[in-house]
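The structure appears below as C-alpha cells.
The values are calculated or read from the model by the stated rules, or taken from the named source; none is laboratory data. Here the structure is a predicted model, which means the values were calculated and not measured. Glycine gets a Cβ as well: all are built from the backbone with ideal geometry, and neighbour counts include every protein chain shown. All accessible areas refer to the heavy atoms of the entire protein, side chains included, with ligands and DNA or RNA removed. Shrake-Rupley method; radii C 1.70, N 1.55, O 1.52, S 1.80 Å.
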Amino acid sequence: MRFDIITIFPRMFDSIFSAGVVKKAVEKGIIEIKIHDLRDFTTDKHRQVDDRPYGGLEGMVLKPEPIFRAVEEIRQPVESLTCLLSPQGKTFNSALAEKLAGYQQVILICGRYEGVDERVIEHLVDEEISIGDYVLTGGELAAAVVVDAVSRFVPGVVGKEESVRHDSFTEGLLDFPQYTRPRDFRGYRVPSVLFSGDHKKIARWRLKKALEKTLVRRPDLLKTRKLSSEEEELLIEIQKERKES
Ligand code: ADE
C-alpha cells in the first residue's frame, strides 16, 4: 500500500516515520510513504501556494491550482482515495482506518492556514478527515496519525494480526489492564487471578475489567455494541458493585 502526503512542510515528516513499526513496514516493502512539497507543483516565480480569501477576512487560503496539479500527477491508475485533513472532516476512527487500508493508494492533503479553496473539497477530495474536535496548526500531524493507524490494518505490518483484532475499538471495548514483572512493586500487587492458571477465569476477569473501564470512560461505546449474554451478566455485576461501593 502506498501513502502520498502533500504538504508545505515536508520536513515535519523527517523524524516521525524514521523509527518504529511504520519504519519497519517501509523497509519490508509492505507500505510506501512519499512526501511531496506542494510548492513543487506551483508554476510562478514565487512558488505561491496561498492567497487572500474572496469576500475579505483575515488569513490566507490554499489555492486550488497547485493542489489539483499535485494530486493529478501523483494519483496512480490503481484503487486510490484522495483525503483532505481538516477540522471540518468526518471524525477519524478505527472503522475509517480499516476502510482506508483497503485502498492501494491513499493521498493525504495537509490543510493549512485559514482553509483550502472549497473547489478542492468539492471536485478533488473523496474524504475530508478530522482526527478530533480540536484545531491543529495544520494537517501534518493528523496525516501522520492516519498513516500510523491505517498501516496497522495492512497485513504484515503488525507482528500478529490477531493483536490488531483484539485491540480497543476494533472490538468496541477499551483494553483490560496488563501487568508484567515484578509481582510486587513498592507494595502495589498484581491481581492474584492472573497467577491462578485458570484461563477461563482470567478471560472472564479481563472482560469484566474491559467492560468496567468502558462503562466509566466511554459509555457511548456500549450503547452501539451488541452485548453477549456473558457481557450482560458482567455488566449487571459491575453496576451492583459500583452501587455498593
Ligand atoms: N487540521 C487542523 N486541525 C485538524 C484536525 N483536528 N484534524 C485534521 N486536520 C486538522
Identify, by number, the condition in (1) open to solvent by 30 Å² or more (accessible area, probe 1.4 Å); (2) more than 9 Å from the ligand (Cβ to nearest atom); (3) closer than 16 Å to K90 by Cα; (4) among the acidic types (D, E) that D148 doesn't meet.
-> (3)
Does any residue in the range 98-117 that is in contact (Cβ under 8 Å) with a residue 60 or more places away in the chain come within less than 8 Å, Cβ to Cβ, of a residue that is of a type in the set (D, E, K, R) and within 16 Å of the ligand (Cβ to nearest atom) six or more places away or on a different chain, and which pairs are these?
-> C110/E140; R112/D50; Y113/D50
Would you list the strands (runs of 3 or more DSSP E) that sit entirely within the range 14-124 and hold 3 or more residues that are of a type outside the set (S, T, N, Q) and within 15 Å of the ligand (Cβ to nearest atom)?
-> 80-91, 105-110
Picking from E27, E32, the residue that is open to solvent by 90 Å² or more (accessible area, probe 1.4 Å) and of a type outside the set (K, R) would be E27
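Taking E127, is it in contact with a Gly (Cβ under 7 Å, 6 or more places away or on another chain), more than 10 Å from the ligand (Cβ to nearest atom) and assigned by TED's automatic domain parsing to the domain that holds G20?
no
Within the range 162-173, can one find any residue that is open to solvent by less than 70 Å² (accessible area, probe 1.4 Å), out of contact with any Phe, Trp or Tyr (no Cβ under 8 Å at 6 or more places or on another chain) and among the aromatic types (F, W, Y)?
If we filter the range 162-173 for residues that are open to solvent by less than 70 Å² (accessible area, probe 1.4 Å), which is where we start, we get 163-164, 167-168, 170, 172-173.
Okay, now just the ones that are also out of contact with any Phe, Trp or Tyr (no Cβ under 8 Å at 6 or more places or on another chain), so 163, 167-168, 170, 172-173.
Still in the list and also among the aromatic types (F, W, Y): none.
Within the range 162-173 (the criterion being open to solvent by less than 70 Å² (accessible area, probe 1.4 Å), out of contact with any Phe, Trp or Tyr (no Cβ under 8 Å at 6 or more places or on another chain) and among the aromatic types (F, W, Y)), the answer is no, since none of the residues qualifies.
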Members of the range 194-245 that are outside any helix (DSSP H, G or I) and modelled with pLDDT of 95 or more | S196, G197, D198, R218
Unmet criterion (only one of (1) under 19 Å from S86 (Cβ atoms); (2) small (G, A, S); (3) surrounded by fewer than 10 Cβ atoms within 10 Å (Cβ to Cβ)) for A19 | (1)
From G115, G89, G138, grab the single residue that is farther than 27 Å from K28 by Cβ, modelled with pLDDT under 95, of a type outside the set (A, V, I, L, M, F, W, C) and open to solvent by 10 Å² or more (accessible area, probe 1.4 Å).
-> G115
Checking V150 against (1) modelled with pLDDT of 95 or more; (2) assigned to a loop (DSSP other than H, G, I, E, B); (3) β-branched (V, I, T), which test does it fail?
-> (2)
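Inspect all residues belonging to the range 181-193 and state whether any of them is free of Cβ contacts under 8 Å to residues at least 40 places away in the same chain, touching a helix residue (DSSP H, G or I) at 6+ places or on another chain (Cβ under 6 Å) and open to solvent by less than 80 Å² (accessible area, probe 1.4 Å). Even if it seems obvious, please write down each step before you answer.
Our first condition is that a residue be free of Cβ contacts under 8 Å to residues at least 40 places away in the same chain; within the range 181-193, this holds for 181-193.
Subsequent filtering for residues that are touching a helix residue (DSSP H, G or I) at 6+ places or on another chain (Cβ under 6 Å) retains 193.
Among the residues that remain, those that are also open to solvent by less than 80 Å² (accessible area, probe 1.4 Å) are: 193.
Yes, the conditions are met somewhere in the range 181-193.
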